[in-house]
Amino acid sequence: MGFFTSNSYGGGPTERIRISADGSVGIGTSNMYSRLNVRATSHSNGISVHRAADTTAAIYIGNDGGNNPILAANNADMLFGRDVSGVFTERMRLTNSGNLGVGTSNPTYKLHVNGTSYINETLYVNGATTVDANLTVTGLLRADSELQFLRGAGSGDYSNYIRAQNYPSAGYTGATSKYWLEYGAKGGHHFVLN
């Protein structure tokens, strides 16, 4: 079954919606591969769900006019979760500023995980890393230049300090060894490993 429209100038009808014999519905397409198929030929004619009394879509599903799919929210956070008997439980949130929170509704970092995380492959960190609780490493903990462990009231407190690096830092003249381990107070005890 097809539904057609035509313009007011007597042009030929154009099929807009089709319902196949098995009950599949196609909008903008006559080739259905699932129960509901919408052919979006640009980023402006996908599927939109609107809020009450709002002309801007609360959520939009479509594509960018090419091969890239779009799932977008209005200028607000996008929530992911589960709904059981009309009760929604949030599991993940993507804020309108681009922060992604798992287990938190107020992510303050680009990736903010509240709970235990497991990474089965390599984790690359380009920049300083702060650990507020326990860090368990099974395998290799590696840094390209130097690795520092601090414990104190702030970043400037070096009362409990360990630093490992693969070259001697400035100020340690005469040191030509390849591996350097410093511990205690900054600039205090150190090992030189040839």
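Please treat every number below as a calculation from the coordinates, not as lab data. Bear in mind the structure is a predicted one, so any value in this text is a computation, not a measurement. Backbone-built Cβ (ideal geometry, glycine too); neighbour counts: all protein chains shown.
Overview of results
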| read-out | value |
| --- | --- |
| Radius 14 Å from Cβ of Asn37, net charge of other residues (Lys, Arg +1; Asp, Glu -1) | +2 |
| By average C-beta atoms within 10 angstrom, highest first, the peptides 70-83, 111-124 | 70-83, 111-124 |
